Amino acid sequence: MSPALPYEEELFNHPTEISGTVFANDRFCVQTEEGQRVISAHGVVFSNYSVNKTNTLFAGTQLLLRYSVAPSHPEAKSGHISD
C-alpha cells in the first residue's frame, strides 16, 4: 500500500465550526441563524422553522418519531408519520 499523498489527508478533515451550527452526530445537524432553524438528517433538510418553544418541540417530536419507529412498523415503511 502506498503512503497517503499530502492532499488526501485534507479530504476527510472534520468540517470547520460554523457559528450557530451544532452537529449532533455524523447524521444530524442543527443550524440556527436570524431566528430561523434548519434540521438536517443525512444531508437532507428535515425541518425548517422559526425558533420558538412550540416549533422547537414539534420539530423535535417529529424527528424522534421519524427515526425511532421500528423498521417493520407500517408508518416507517410508508415514510409518513400520522398526526
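Where a number appears in this text, it was derived from the coordinates with a stated rule and is not lab data. Keep in mind that what you see is a predicted model, and the values were worked out from it rather than measured. Counting neighbours? That spans all protein chains shown, and the Cβs are built from the backbone with ideal geometry, glycine included.
So what is the relative contact order for region 19-70, in percent, with contacts set as C-alpha pairs under 8 Å and at least six apart? Walk me through the numbers on the way to the answer.
Values: 58 pairs, mean separation 10.4, N = 52.
Relative CO of region 19-70 lands at 20 percent.
Which order do T56, T61 fall in if you start with the one that has the fewest other Cβ atoms within 10 Å? Display every interim value, and only then the final one.
Working: T56 16, T61 11.
Placing the least packed residue first, the sequence is T61, T56.
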Give me the distance in nm between label points sitting 7 Å out from Cα along the Cα-to-Cβ direction at R27 and T56, one decimal.
2.4 nm
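Region 19-70: D in µm²/s via Stokes-Einstein (Kirkwood Rh, Cα pairs, 20 °C, 1.002 mPa s)? Provide the component values of the computation, followed by the final result.
Working: Rh = 11.3 Å.
My calculation gives 190 µm²/s for D.
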